[in-house]
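I have placed the structure first, in the form of structure tokens, so that the comments after it can refer back to it.
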Amino acid sequence: MTYCKVCSLGSDHPGIVVDEQRVCNVCRLDMVGDLLVNYRYTQEVFERFQHAGRNELGPYDCLFMYSGGKDSTYMLDKFTTEYGKRVLAWTFDVPFESTHAAENIRLAKERIPATFVVDADDDNIKKMMREVFNRPAPRKPGKYLDEKLPCVSCRTFFVIRAILHAHRNRIPYIALCADPQQILTMESNVREIVRGFYTTFGVGLTDELFRGEIEGLLFAEDDELPEIVFPFIAMRHTYDPDAIVAELKAKGLYASSPMETHCTLFPLLNYYSFTHWDCMFYKLNASSHVRAVKRNGGDGARSTFSLKFPGTLDVLEVEGRLKKVTLRIAKGEGTPQEHEAELVAAFRDLGTTETAARFVARSFLDMPAVAADMGIRLS
Ligand SMILES: [Zn+2]
């Protein structure tokens, strides 16, 4: 395996090619052509949505996927007050997420003029995750984002639930608060999302997970299908999380919390990417940060919406330590005390606060219990 000398992505990383000069295709910008097409398309859909009149077919102009985090609370407020849309705020209760956003949702319900609904399907989303983790090792070389398959599948599962809800209730648009980096790599065409799910999980399991309802989306007329809107596309050059939090606080819409959400499967997501693709779960984010720092100099570059990495970061070195401790925990080797100390040090090096590092380290110690509870095998 060779590593890109700019960003440290490995030649085995899914979707990555490292050339003879030891530079990867992302650093060489091979992907930019495709990415620009994606931006142009999502920008067009967003403008169409902004100028669309009332939905004559029902009481809502859009289904807004509302998590209660700062980004979606900020945008939900904008949609109802500034854009004047009639919004169904739809929250999917992900059983793996310990949410600190409940207080924000309560404040939003008091102050934002939207209709709020909560959807959940614990049994089926767990069944799907069990299948993803327990399936045989994927074929190499793989596609871009394959190392994040469990995470991507979870999100796709509830995006499809949102699509079904919008389709059933004749809501023409679905708003999804992904950040610009996610927008670039997300499929936004509803029919393609459904097709992709069938390809990944097969007809039998897909029909079981959605009780046979999604087949109808494949055969619906285009104008019967909702379109997905990414509202942050319009803010891709001006996004400022501190300003967003300040504005929300001023409006009484934000309760501070050191961590907005935490996925209890995060240690297992790392286990999956280490065992299948020999990389940590956040490898693409960390590499993109390193690339931006090298290009722009200094540590002012922000690589993603939700993560802040330190200015100097030896990705491969931290990744190696994280891999070792993750696999030792999976095998039942060593003691919780030594694991915890190593994990806290690794996450501190990745730029988290002391509190967050301790919290995440402890969740890694629970990994075998979480796996057993979910029916996921650690080999
Ligand atoms: Zn690179």
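Rule-based calculations on the coordinates, nothing more; no lab input. Bear in mind that the values here come from a model prediction, so they are computed numbers and not experimental data. Note that we place each Cβ from the backbone using ideal geometry, even for glycine, and neighbour counts take in every protein chain shown.
Counting only Cβ charges, +1 for Lys and Arg and -1 for Asp and Glu, the dipole size of the chain around its Cα centre is about 540 debye. Taking only the C-alpha atoms of the range 6-159, the Rg (one decimal) and the largest Cα-Cα distance, Dmax (whole number), read 20.1, 59 Å. Ordering K140, K308 by the number of other Cβ atoms within 10 Å of each residue's own Cβ, fewest first, gives K140, K308. Between N270, Q21, I174, the Cα set farthest toward the positive side of the dipole of the chain (charges on each charged residue's Cβ, about the Cα centre) is that of Q21. For the range 57-130, the C-alpha radius of gyration divided by 2.2 N^0.38 Å, with N the number of residues, is 1.19. Each 10 Å bin from 0 upward holds the following percent of the Cα-Cα pairs of the range 77-172: 12, 35, 31, 16, 5, 0. Listed by chain and number, the aspartates and glutamates whose C-alpha is less than 13 Å from the C-alpha of K140, apart from same-chain residues fewer than 8 away, are D12, D278.
Relative contact order of the range 264-374: 27 percent, from C-alpha pairs under 8 Å at least 6 residues apart in sequence. Each of F96, S288, T335 was scored by the projection of its Cα onto the charge dipole of the chain, and the greatest displacement toward the positive side belongs to T335; charges sit on the C-beta of Lys, Arg, Asp and Glu. Averaging 1/r over each pair of different alpha-carbon atoms in the range 133-252 and inverting the result gives 16.4 Å, the Kirkwood hydrodynamic radius. Using the alpha-carbon atoms, what tilt in degrees (0 to 90, nearest 10) does helix 190-209 show relative to the longest principal axis of the chain? So the helix axis and the longest Cα principal axis differ by about 70 degrees.
Taking only the alpha carbons of the chain, we obtain Rg and Dmax values of 21.0, 63 Å in that order. At a Förster radius of 30 Å, what calculated FRET efficiency corresponds to the Cβ-Cβ distance of E208 and L365, to the nearest 0.05? E between E208 and L365, to the nearest 0.05, is 0.30.
Highest mean packing first, where packing is the average number of other Cβ atoms within 10 Å per residue, the peptides 23-29, 309-315, 263-269 line up as 263-269, 23-29, 309-315.
Working from label points 7 Å from Cα in the Cα-to-Cβ sense, the E103 to T275 distance is 3.7 nm. Just so you know, the Cα atoms of the range 32-250 work out to an Rg and Dmax of 17.4, 51 Å. Loop-located chymotrypsin sites (Phe, Trp or Tyr not before Pro) across the range 161-206 with a Cβ neighbour count of 16 or fewer within 10 Å are lacking, with loop assigned by DSSP. Against the compact-protein benchmark of 2.2 N^0.38 Å, the Cα-based radius of gyration of the range 264-374 scales to 1.08. Think of the range 32-250 as having a plus end and a minus end, set by charges on the Cβ of Lys, Arg, Asp and Glu; of V37, A137, I193, A137 sits farthest toward the positive end of this dipole. What percent does the relative contact order of the chain come to when contacts are Cα pairs within less than 8 Å and at least six residues apart? After rounding, I find 19 percent.
Proximity of backbone amide H atoms, modeled 1.01 Å from N, is registered between F64 and L88, A89, W90, A175 at under 5 Å, excluding neighbours fewer than 5 places apart on the same chain.
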